[in-house]
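Peer 1: Once you've had a glance at the structure underneath, I'll fire off some questions.
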Amino acid sequence: MLKRTPLFHAYETFGAKTIDFGGWELPVQFSSIKEEHEAVRTKAGLFDVSHMGEVEVTGQGALPFLQRLLTNDLSKLTDGKALYTAMCYEDGGTVDDLLVYQKEKNNYLLVINASNIEKDVDWLLKHQGEEDVSIKNVSDQTALLALQGPLAADIIKDVADEEVTSLKPFTFLSKAIIAQKEVLVSRTGYTGEDGFEIYCQSEDAVHLWTALLEAGQPKGLIPCGLGARDTLRFEARLPLYGQELTKDISPLEGGIGFAVKTDKEADFIGKDALKKQKEEGPKRKLVGIEMIDKGIPRTDYPVFSGDKQIGVVTTGTQSPTLKKNIGLALIETSEAQLGTEVEVQVRKKRLKAKIVATPFYKRAK
């Protein structure tokens, strides 16, 4: 039996086409992936991402505990700020990539990937030491809506307090009112555009979804599914756990080295392995590829230099914004120079591609 978010019946009415996504029945698209992608790049889109996981970590020992588990330096956080980080195994492989919100001293909210909820919570509990810390999985009581796109702020101001629209990127309000409901709202997202993520009680999700769509439809807001979410994040080179990051791909290899602070005072799980990898340089690197021959690079397609396989495609598609066939590939660092020609095995044919700079898309500030 597939799990459903509190919004399932609300988006059924929009004729959502649903798929099994890690045990969840979620909308892959409402109209078309291209149309939804373009709406987010030019106007705005609304996503139901309630399948994501939320874990509250509280208590006097919360900060030292999280510093021991996470790669980024949480001592840089202040109340109302969020930080992107990774959680690693001893060998430097990735347990998950996540956001940490500091509500106040000793009170944190972790936002984790849907497919990893059980594994992550087990990992946190397993490493709970002597610290005074409480770990509470609140995923089932929490729904999450993402309003993304250049008109997001213009839309949200019609249903929210003014302080919501004045939020800076990676900041949040723990208790904001949107459409008469109390929510946690942050200026974050996973599309490469401006936007807001709204965490609410499960029972308030339908009301908020409806209110936001009503406020936004005159301005071009449309509901969006996982298909557009994937093409949007991919163009902005935002990693997806299970593809660009896995237990076998470290944060340094997966291109999020900025979230790994091997010089922070606290020892964290995987620090020695990642420090060594940083000093020696990772043996593999995530690069952008653009097809020269006609064909689309897809996840797990092998990448060759001459007769030698040098890596695999982690994500690939025809970019709706650039109208080009592009991909991200994890390849041997020695082969990763910009402009280098490689070949991608597309079914039975080897097709020419070249290594290009990423992100493929960057919004104008």
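Peer 1: Using a 10 angstrom cutoff on alpha carbons, build the Gaussian network for the chain and name the most mobile of 322, 151, 232.
Peer 2: Looking only at 322, 151, 232, the biggest GNM fluctuation is shown by 322.
Peer 1: Let me ask something additional. Please give the FRET efficiency for residue 154 paired with residue 210, using the beta carbon to beta carbon distance and R0 = 30 Å, rounded to the nearest 0.05.
Peer 2: According to the calculation, E is roughly 0.95.
Peer 1: If you place +1 on the Cβ of every Lys and Arg and -1 on the Cβ of every Asp and Glu, how big does the dipole about the Cα centre of the chain come out, in debye to the nearest 20?
Peer 2: My answer is approximately 1420 debye.
Peer 1: Once you've got the Cα coordinates, tell me which of 136/275; 126/175; 323/362; 126/271; 103/175 are over 21 Å apart.
Peer 2: Too far apart for the 21 Å limit: 136/275; 126/175.
Peer 1: Turning to a different aspect of this structure: Tell me the net charge near residue 233. Cut-off is 14 Å between Cβ atoms, residue 233 excluded, with +1 for each Lys or Arg and -1 for each Asp or Glu.
Peer 2: -2
Peer 1: Near the amide H of residue 3, under 5 Å away, which other amide H atoms are found, from residues 5 or more places off or on another chain, if H is placed in the peptide plane?
Peer 2: 24, 25
Peer 1: Residue by residue through the stretch 136-147, what is 3J(HN,Hα) from phi via Karplus (6.51 cos²θ - 1.76 cosθ + 1.60, θ = phi - 60°)? Round to whole Hz and write x for glycine and proline.
Peer 2: Listing the rounded values in order: 10, 7, 10, 4, 5, 8, 10, 10, 9, 10, 10, 9 Hz.
Peer 1: Could you work out [θ]222 nm for the chain from helices alone, using -39500 (n - 2.57) per DSSP H run of at least four and dividing by all its residues? Round to the nearest 500 deg cm²/dmol.
Peer 2: Result for the chain: -5500 deg cm²/dmol, rounded to the nearest 500.
Peer 1: Still on this structure, I have one more. Pairs of alpha-carbon atoms within less than 8 angstrom and 6+ residues apart define the contacts here; what relative contact order does the stretch 61-164 have, in percent?
Peer 2: 21 percent
Peer 1: Can I ask one more? Return the FRET efficiency for the residue pair residue 162, residue 19: r is the Cβ-Cβ distance, R0 is 25 Å, and the value is rounded to the nearest 0.05.
Peer 2: With a Förster radius of 25 Å, E is 0.05.
Peer 1: May I ask which residue of 326, 312, 336 lies farthest towards the positive end of the charge dipole of the stretch 283-365, with charges of +1 (Lys, Arg) and -1 (Asp, Glu) on Cβ and the Cα centre as origin?
Peer 2: Selected residue: 326.
Peer 1: Taking 0.36 nm per residue of sequence separation and subtracting the Cα-Cα distance, how much length would be gained by fully extending the chain between residue 323 and residue 203, in nm to one decimal?
Peer 2: Here the answer is 39.2 nm.
Peer 1: What spacing in nm lies between the two simple spin-label points modelled at residue 341 and residue 1, each 7 Å away from Cα in the Cβ direction?
Peer 2: The answer from the label model is 5.7 nm.
Peer 1: Follow-up. Calculate, for residue 123 and residue 78, the FRET efficiency according to 1/(1 + (r/R0)^6) with r their C-beta to C-beta distance and R0 25 Å; round to the nearest 0.05.
Peer 2: 0.40
Peer 1: So, in nm, how far is label residue 106 from label residue 180 when the simple model puts each one 7 Å beyond its Cα toward the Cβ?
Peer 2: Each label point is offset 7 Å from its Cα along the Cβ direction, giving 3.7 nm.
Peer 1: Let me ask another. Please report the relative contact order for the stretch 283-365, taking Cα pairs under 8 Å with a sequence separation of at least 6, and give it as a percent rounded to a whole number.
Peer 2: Relative contact order, the stretch 283-365: 37 percent.
Peer 1: Still on this structure, please answer the following. In nanometres, what is the gap between the two model label sites at residue 349 and residue 308, each 7 Å from Cα along Cα-to-Cβ?
Peer 2: 2.7 nm
Peer 1: Moving on. Hand me the GluC sites (Glu not before Pro) from the stretch 217-293 located in a DSSP loop with no more than 13 other Cβ atoms within 10 Å, in residue order please.
Peer 2: For GluC sites (Glu not before Pro) across the stretch 217-293 that sit outside H, G, I, E and B with at most 13 neighbouring Cβ atoms in 10 Å, the list reads 265.
Peer 1: Using the C-alpha gyration tensor of the stretch 283-365, what are the square roots of 5 times its eigenvalues, in whole angstrom, with the largest one first?
Peer 2: 19, 15, 10
Peer 1: Find the relative contact order for the chain and round it to a whole percent, using C-alpha pairs within less than 8 Å whose residues are 6+ positions apart.
Peer 2: Over the chain, the number comes to 18 percent.
Peer 1: Need one number: the % of Cα-Cα pairs in the stretch 155-203 sitting beyond the 15 Å mark.
Peer 2: 37 percent
Peer 1: Tell me the net charge near residue 47. Cut-off is 10 Å between Cβ atoms, residue 47 excluded, with +1 for each Lys or Arg and -1 for each Asp or Glu.
Peer 2: In short, -2.
Each value in this text was obtained by applying a stated rule to the coordinates, not by laboratory testing. Computed from a predicted structure; not experimentally measured. Neighbour counts run over all protein chains shown; Cβ positions are idealised from the backbone, glycine included.
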